Amino acid sequence: MSNDQDTTAEQPMKTLQRVIFPSAQQMDTIPLYVDSGLATGVQLSTMNGSLGSNDSLTSEKRGESSQGAAASSASGSSDAHAEDFIGRRSTLIRAGSRLSFATYFNAFAASYWKRWTTLEEVRLSIQTHGSGTVIVYKSNPRGSLQRVDSRQVSGKQSTAFDLPLKPFGDGGWYWFELVAGTESLVLEQAEWQGADDGREPGRITLEITTLNKPDFCLNNLRSFAENPEVLEHLQEILIVDQGTKKVQDEEDFEEVAARLDGKLRIINQSNLGGSGGFARGMYEAVENGSDYALLLDDDVVVEPESIIRLLTFADMCRKPTIVGGHMFDLYNRSVLHTFGEIVNTYRFQPDQPHQEQVLGHDFLKSNLRSTPWLHRRVDVDYNGWWMDLIPTKVIKDIGLSLPVFIKWDDAEYGLRAKRAGYHTVSLPGAAVWHVSWIDKDDLVGWQAYFHIRNRIIAALLHSPYDRGGRLLRESSYADVKHLISMQYFTEAGRIMALRDVLAGPDQLHEIQPQRLPEIRALMKQYPDAQFAEDIESFPEPRMDKPPRNGRGFSAPSYRTLVPWALKTVTKQLVRPVDPALKDHPQAHIAHQDNRWWRMSQFDSALVSNAEGTAVSWYQREPDQLRNKLVEATRLHARILRDWPKLREQYREAAERITSFEAWQKTFEKHTDSQLTR
C-alpha cells in the first residue's frame with residue numbers, strides 16, 4: 001500500500017488537495033488545520049457502532065453535549081505550537097510529539113470523491129526531513145476509526161501511500177499523523193493526489209456582489225493577489241458594486257488592482273440585491289467563455305486554497321456539478337455554521353439531511369476524530385451563495401437566478417438544478433468565514449418581506465404538495481407572533497409580500513430595485529422600526545405593574561398553544577393601552593429575550609437589535625393588530641385558494657424570467673458604469 005518516491009513516477013498524478021497551515025492572520029483557526037490531541041477518537045461499540053459505555057449519552061441522544069464529553073478525552077490535550085509553522089505548507093513536529101491532520105482543512109473527505117468523481121484511488125504524498133513515523137488512518141460513516149498503514153522515515157525522504165476509495169460509499173475520511181522520534185521532524189509538504197487525466201483545469205470567473213463593504217472586498221482582492229496559484233485559474237475577477245461606497249474609491253484600490261494581472265473588472269449597477277448581483281456574475285461568466293462562475297459574498301474572509309479545491313473537484317466530477325464551500329463563523333472562527341442543507345419540502349424551509357447533525361459545530365471543543373456525525377457524507381439540495389462554484393454548462397441549461405433580490409435565490413437555484421439533473425455538493429475542506437445567522441435576525445425588519453415572498457414563490461415552483469404543505473399555515477402563525485410582539489413594521493412588509501405573490505411572476509424584474517426603498521420608506525410610520533444608537537435617547541423604562549403578577553415568562557406548551565394564542569390576541573384587541581405608556585416604556589428587552597411569548601405581555605418596551613448597535617421602541621396598538629391580522633388572514637386564504645392557478649403561472653414563467661434575455665434587459669437598464677483594471 002505504501003511506496004517510495006522512485007515508484008510514484010510510474011503514472012502521472014495531479015494534486016487534489018494540498019496540506020496547508022493557517023496564515024499569520026488566522027492563528028485562531030489552528031484547530032481547523034492541525035490537531036495535537038493524543039487520542040485517536042471516540043470509542044464506538046464493536047457490536048452496533050453506538051457510543052461506548054464509558055460515554056455519558058447513548059447514540060440516540062448524541063448532540064453537542066455528548067460531543068463536549070467526547071472532546072474532553074479526544075480533543076487536544078496539548079496545544080499546537082503556532083511558532084512551529086514554517087509556512088503555509090510546512091511545519092515542525094517537536095521531538096517526541098505527535099501531530100494529527102484529522103482536521104477540517106487537511107483530512108481527505110474520501111466519500112465525496114468516491115460518490116461524485118471518477119477517482120478510484122487516492123495517493124498521499126509526503127515529504128519529510130528528520131526521523132519519525134507516518135501513520136495513515138481512515139474512518140467509516142459511523143465515525144469508527146481504523147489504522148491503515150504506517151512507515152518510518154529518516155533523513156530527507158518522500159513517502160507515498162496508495163489508498164483505495166472503494167470502502168467509502170456512505171462516508172468516511174482519510175488522514176495521516178506524524179510522530180517525531182528523539183529529534184524533531186519537519187513536514188516539508190504533503191498533498192493528496194489522483195490520476196491525471198491530462199485535461200486542463202477549468203477557468204473561473206470569480207464574482208463578488210457587494211453593497212457598501214469595500215474594505216472586505218479589498219482585503220479579498222489582496223488575498224487573491226498574494227496567492228498566484230489561485231490567480232492563475234481565474235479568467236476574470238468581477239466585482240458587481242451596487243452600493244454608494246465604491247470599491248474603486250478605496251485608498252489602496254489602485255495598488256491592489258495593479259497586482260491582479262489585469263483580471264479585475266468592476267461593474268457599477270443599481271442595487272438589484274444578491275440575486276441581481278449574482279445573476280450578473282453568472283451572465284458575465286457565460287459571456288466571457290469561462291467554465292465556471294464562482295459566487296462569493298462580499299463580507300467574507302476566504303481560505304484561498306478553497307478556490308483551487310472547488311475547481312479541482314468540479315473538474316473531476318462525472319457530470320457538471322455545482323460545488324460549494326462551507327461557512328464558518330467570522331466572529332468565532334472554529335465554529336462551522338452547518339455541514340450541509342436540504343429543503344424540507346413539506347414545511348418549505350431549510351433543514352439538515354441527518355438528525356444527528358449539529359448547527360454551529362465548534363471544532364475547538366470537538367474535533368473531527370471525536371465527532372461521529374461528521375464522518376457521514378451529507379448530500380444537499382443547495383449551497384449558500386457565500387461561496388458556490390457553478391458550471392457555465394448548468395447556467396446555459398437552466399438559466400440565471402430568480403429575480404427575487406435576496407433570500408431563497410440560492411436554495412431555489414439548487415432545487416431547479418436538481419430537477420434538471422444537476423447535483424450540488426457542499427465540499428468539506430473548502431470554506432469562508434462569514435457573519436453567522438445567530439448574530440442577525442432577518443426574520444424581523446425590512447428583510448421579512450423578502451423572506452416570506454421568496455419562500456412562497458420557491459414553493460410554488462418546487463413544492464410537491466398540492467397547496468404547499470404546511471407553508472401557508474406556518475406563515476399565518478408567524479403573522480400572529482409578529483403582531484402580538486408589536487412588530488407592526490415587520491408585518492406591514494409581510495402583507496406587501498403576500499400581495500406581490502398574488503400579483504404574479506412577470507412583475508418581479510420591474511420591482512427588483514423598487515421594493516427595498518419602498519419598504520424602508522414605511523419605517524417612518526412605525527416606532528418599532530425607528531432605531532437610536534443611544535438608549536438614553538428614550539425615556540427611562542418604568543414598570544408600574546409587572547406582567548403576569550411577577551411569575552415571569554415561559555412559552556406555552558404545544559397542548560396549550562392555541563387557547564393561549566386566542567386568549568392573548570383577544571386581550572390585546574380589547575384591553576386599552578394606558579396613555580402613560582406613550583411617555584415611557586415598561587422595560588428594556590435584550591435581543592435574545594425578544595420572543596413572541598414574552599413580548600406579548602408588554603404594552604411598551606425598548607428592544608435591542610440583533611447586532612447590539614441600536615434600540616427601538618415597541619408600542620402596542622390594538623388597531624394595528626386588528627387591521628393587519630384581518631388583511632394577512634385574507635391574503636393567505638386567497639393564496640391557498642388560488643394555489644393551483646398561481647403554481648401554473650409561476651412555473652410557466654420561470655424559464656422566461658430567469659433567461660439571459662430577461663436579465664440582459666434589466667442589466668442594461670440598471671448598469672451605471674464598468675471599470676477594468
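The values are calculated or read from the model by the stated rules, or taken from the named source; none is laboratory data. Fair warning: this is a prediction, and the values are worked out from it, not measured in the lab. Backbone-built Cβ (ideal geometry, glycine too); neighbour counts: all protein chains shown.
What the table shows:
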| quantity | calculated |
| --- | --- |
| Residue 441 being at pLDDT below 95, in contact with a helix residue (DSSP H, G or I) (Cβ under 9 Å, 6 or more places away or on another chain), more than 25 Å from residue 282 (Cα to Cα) and not in a strand (DSSP E or B) | yes |
| Residue, modelled with the lowest pLDDT, within the stretch 575-627, restricted to residues that are more than 21 Å from residue 478 (Cα to Cα) and in contact with a strand residue (DSSP E or B) (Cβ under 6 Å, 6 or more places away or on another chain) | 581 |
| Members of the stretch 260-281 that are assigned to a helix (DSSP H, G or I) and small (Gly, Ala, Ser) | 273, 274, 275, 276, 277, 279, 281 |
| For residue 114: the one exception among (1) assigned to a strand (DSSP E or B); (2) over 27 Å from residue 364 (Cβ atoms); (3) among the basic types (Lys, Arg) | (1) |
| Residue, nearest to the chain's Cα centre (by Cα), within the stretch 232-259, restricted to residues that are surrounded by fewer than 19 Cβ atoms within 10 Å (Cβ to Cβ) and part of a helix (DSSP H, G or I) | 248 |
| Residue 488 vs. criteria touching an Asp or Glu at 6+ places or on another chain (Cβ under 7 Å) and of a type in the set (Ser, Thr, Tyr) | yes |
| Lone unmet requirement of (1) farther than 30 Å from residue 280 by Cα; (2) in contact (Cβ under 8 Å) with a residue 12 or more places away in the chain; (3) of a type in the set (D, E, K, R) for residue 645 | (2) |
| Those residues of the stretch 167-181 which are assigned to a strand (DSSP E or B) and in contact with a helix residue (DSSP H, G or I) (Cβ under 7 Å, 6 or more places away or on another chain), in sequence order | 171, 174 |
| Count of residues meeting criterion [in contact with an Asp or Glu (Cβ under 6 Å, 6 or more places away or on another chain) and among the hydrophobic types (A, V, I, L, M, F, W, C)] in the stretch 114-160 | 2 |
| Qualifying residue in the stretch 307-318 (condition: in contact with a Leu (Cβ under 8 Å, 6 or more places away or on another chain), assigned to a loop (DSSP other than H, G, I, E, B) and among the basic types (Lys, Arg)) | no |
| Residue 293 being surrounded by 21 or more Cβ atoms within 10 Å (Cβ to Cβ), assigned to a strand (DSSP E or B), of a type outside the set (Phe, Trp, Tyr) and assigned by TED's automatic domain parsing to the domain that holds residue 227 | yes |
| Tally of residues being of a type in the set (Gly, Ala, Ser) and crowded, with 22+ Cβ neighbours inside 10 Å across the stretch 131-146 | 3 |
| Failed item in (1) out of contact with any Ser or Thr (no Cβ under 7 Å at 6 or more places or on another chain); (2) more than 30 Å from residue 133 (Cβ to Cβ), with residue 192 passing the rest | (2) |
| Single condition residue 627 does not satisfy, out of (1) within 30 Å of residue 282 (Cβ to Cβ); (2) free of Cβ contacts under 8 Å to residues at least 24 places away in the same chain | (1) |
| Test: residue 327 is crowded, with 23+ Cβ neighbours inside 10 Å and assigned to a helix (DSSP H, G or I) | no |
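Here's the yes/no breakdown for (1) within 20 Å of residue 490 (Cβ to Cβ); (2) part of a helix (DSSP H, G or I); (3) touching a Gly at 6+ places or on another chain (Cβ under 6 Å):
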position	(1), (2), (3)
539	no, no, no
544	no, no, no
554	no, no, no
564	no, yes, no
597	yes, yes, no
